[in-house]
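The values are calculated or read from the model by the stated rules, or taken from the named source; none is laboratory data. Owing to the predicted nature of the structure, the values given are computational and were not obtained by experimental measurement. Positions of Cβ are generated from backbone atoms using ideal geometry, with glycine treated the same way; all protein chains shown enter the neighbour counts.
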């Protein structure tokens, strides 16, 4: 009889896997469903009680792995799971989450050539110091089915080169369990047993090594003790935390309820009736989002950004001192209008449908190493960002780059490196490396055709909708090669495009094999122009953020003296700068000591200077700023304003966010709004609404807590926005059209 092995190990596994085992058992009754419990959580309160409450079948195998260092625990689990798999020879192995046993089971199955289904695939914190992050990445790389619960998870997997046909967006199976058992949770008497009143306490959970295995634990407990003088705090003690407190006794006042671990039903009852939850747990961030309970996470990053964008979660950083801010933060928090997509209690059914169909038809899609394709990029952009992306792409494929630099273009403002780690050729009527006196665009005619042909590519990636792209298209049609058109969203403003340009773009939709968009709005524009959605690939904008991240890590967000707002003038129309100056003047009249810093040069600088003087607004004019000088410019600024509705998502926005600057953008800023979330990592303000723009400047200049919240979230939004991630998006698009 065929079998499917389900591997569980710890509390989060049980909650995620219970509905999966039930749904697969119903969808495939002819198959024997085997549950193997590694025993990574061996405390009865963290293990046995969950089998009883969740209705999971009792384990067929108890492997008794127990605790230990990460390598030791993973090795024991791998060895014992391998024995089970050799005995059962299952059709598939199902694992969930990111604990050590998840990786161990995936490796054991991969070495035995058994297909792997990963539940909750694609989550990324982009913090490789977390053991769970390593487990997630490696498990996804060897999995045959990657079942995701949020849109960003799919994007993460695509950036890492996971083929599209292995990725299935099914929803959140942890929420399936919560939906099924919510009425039983509501009937719990845990509040009476603990002596707390619903809606009158804060629930706290702590278990990550960064908090409980060092000096931060004592500081955290002291802060919780202080908070408990204002509102009762309930803290179920994880075994790890309990062990640490034996060595370093914590304060235990009357209103700090230190309790033993509780079962699932009691825990959800406590979460649902809490005033707020303080946690370092990933799963709790999701449960609070579904229950609409304010959640504050003692971490600098989260692998679940959907709980910030669509939920109640807020990152506090690894900073126990911020626990003191909870009363004011709770008062500011409002519940979202809706839930994240597919968090509806039916995720396991969707998963079971996919897995059952594939197993019955033999469509397991085993993981195979794909050959390195020969790729030629045709571009008219010569910037450090472009060079960084191409350098990363060169490590993934056989790359050639043809630079068709336009005289007087933005690209010619940058120094061109003398040596590059990939094959390249420069075709231009201008001198590359400094700005040309001739402002006319000079395209190199049929030389592009010959240059592309000389590289003998499997696929050509051409930037935007230009004559070089047309020459590249002619080659790919004649040579029967694949063509991808790449755009950052500059085609968003269709009203400004003349009929000839519009016709050219629709022609590209017919003759190209696919498109690469740098944002979701840009992808939507491609579809509007005639590309089928399945031919549009996503490679989100990124930049070389290391220098900017250093600035963010050193930022204090405390304002001393003048609060400076940075704006890059070469990207913004003059009337928008005028309005920003007017808003700064109004903010100063309201008591906010606001100043402006204007970077970039333009023909109207003299007029703007006179406007600023007349308005009484202090303005620092930086002129042209070299790229390597930007971190210092960002370090001296308090916010970044981008009040334009015409330009696409600019690299400057990403660099400012990476430096931890709160962002101010227009609600009409097109692709920028794919990155900036109002009230999360920036403020979305209509630049034509002087009162709203003034209020934004005032609140950022005077509210340190909001400034910190927006800046830290902006920084967290960039951790995955690296040239390597963009390059992986390009490669996935190439593999897609070659397939």
Look at the stretch 687-734 and say how many of its residues are surrounded by fewer than 22 Cβ atoms within 10 Å (Cβ to Cβ), over 26 Å from the mean Cα position of the chain (by Cα) and modelled with pLDDT of 85 or more.
9
How many residues, within the stretch 122-140, are in contact (Cβ under 8 Å) with a residue 60 or more places away in the chain and either surrounded by 22 or more Cβ atoms within 10 Å (Cβ to Cβ) or closer than 19 Å to residue 112 by Cα (or both)?
4
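Matching residues to (1) part of a strand (DSSP E or B); (2) more than 33 Å from the chain's Cα centre (by Cα); (3) under 27 Å from residue 154 (Cα atoms):
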site	(1), (2), (3)
64	no, yes, no
72	no, no, no
77	no, no, no
82	no, yes, no
87	no, yes, no
118	yes, no, yes
122	no, no, yes
Odd one out for residue 354, checked against (1) at pLDDT 80 or above; (2) touching a helix residue (DSSP H, G or I) at 6+ places or on another chain (Cβ under 9 Å)
(2)
When residues of the stretch 242-267 are limited to those that are in a helix (DSSP H, G or I) and surrounded by fewer than 12 Cβ atoms within 10 Å (Cβ to Cβ), the one modelled with the lowest pLDDT
247
Determine which member of the set 570, 510 is at pLDDT below 80 and either outside any loop (DSSP other than H, G, I, E, B) or surrounded by fewer than 18 Cβ atoms within 10 Å (Cβ to Cβ) (or both).
570
Cβ-Cβ below 8 Å, separation at least six or inter-chain, first residue in the stretch 496-519 and assigned by TED's automatic domain parsing to the domain that holds residue 477, second exposed (fewer than 13 other Cβ atoms within 10 Å of the Cβ) and modelled with pLDDT under 75: which pairs?
502/494
Determine the pairs where a residue that is farther than 16 Å from residue 298 by Cα and outside the structural domain of residue 276 (by TED's automatic domain parsing), located within the stretch 215-237, has a partner that is at pLDDT below 90 and crowded, with 21+ Cβ neighbours inside 10 Å with Cβ atoms under 8 Å apart, the partner being 6 or more residues away or on another chain.
none
Can you pull out the residues in the stretch 362-397 that are surrounded by fewer than 18 Cβ atoms within 10 Å (Cβ to Cβ), modelled with pLDDT of 85 or more and more than 28 Å from the chain's Cα centre (by Cα)?
374
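Quick check on the stretch 446-464: of everything there that is in contact with a strand residue (DSSP E or B) (Cβ under 7 Å, 6 or more places away or on another chain) and either modelled with pLDDT under 90 or closer than 17 Å to residue 503 by Cα (or both), which residue is surrounded by the fewest Cβ atoms within 10 Å (Cβ to Cβ)?
Per the criteria, the residue is 464.
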Criterion: surrounded by fewer than 23 Cβ atoms within 10 Å (Cβ to Cβ), at pLDDT 85 or above and not assigned by TED's automatic domain parsing to the domain that holds residue 606 - qualifying residue of 535, 588:
535
Within the stretch 258-295, tally of residues that are more than 23 Å from residue 322 (Cβ to Cβ) and in contact with a strand residue (DSSP E or B) (Cβ under 6 Å, 6 or more places away or on another chain)
3
Determine, yes or no, whether residue 402 is assigned by TED's automatic domain parsing to the domain that holds residue 455, at pLDDT 75 or above and not in a helix (DSSP H, G or I).
yes
Which number in (1) surrounded by 21 or more Cβ atoms within 10 Å (Cβ to Cβ); (2) touching a residue at least 40 places away in the same chain (Cβ under 8 Å); (3) under 18 Å from the mean Cα position of the chain (by Cα) marks the one condition that residue 202 misses?
(3)
Do we find that residue 30 is more than 30 Å from residue 361 (Cβ to Cβ) and either in a strand (DSSP E or B) or at pLDDT below 95 (or both) in this structure?
no
Does residue 436 satisfy being assigned to a loop (DSSP other than H, G, I, E, B), modelled with pLDDT under 85 and crowded, with 17+ Cβ neighbours inside 10 Å?
yes
Residue 307 being within 21 Å of residue 714 (Cα to Cα), without any contact (Cβ under 8 Å) to a residue 40 or more places away in the chain and assigned to a helix (DSSP H, G or I):
yes
If residue 347 passes every condition in (1) modelled with pLDDT of 90 or more; (2) farther than 28 Å from residue 96 by Cβ but one, which one does it miss?
(2)
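The rows are residues; the columns are (1) outside the structural domain of residue 267 (by TED's automatic domain parsing); (2) modelled with pLDDT of 90 or more; (3) more than 18 Å from the chain's Cα centre (by Cα); (4) over 29 Å from residue 22 (Cα atoms).
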site: 133; (1), (2), (3), (4): yes, yes, no, no
site: 143; (1), (2), (3), (4): yes, yes, yes, no
site: 156; (1), (2), (3), (4): yes, no, no, no
site: 197; (1), (2), (3), (4): no, yes, yes, yes
Whichever residue in the stretch 601-619 is closer than 21 Å to residue 563 by Cβ and surrounded by 15 or more Cβ atoms within 10 Å (Cβ to Cβ) and, among such residues, is modelled with the lowest pLDDT:
608
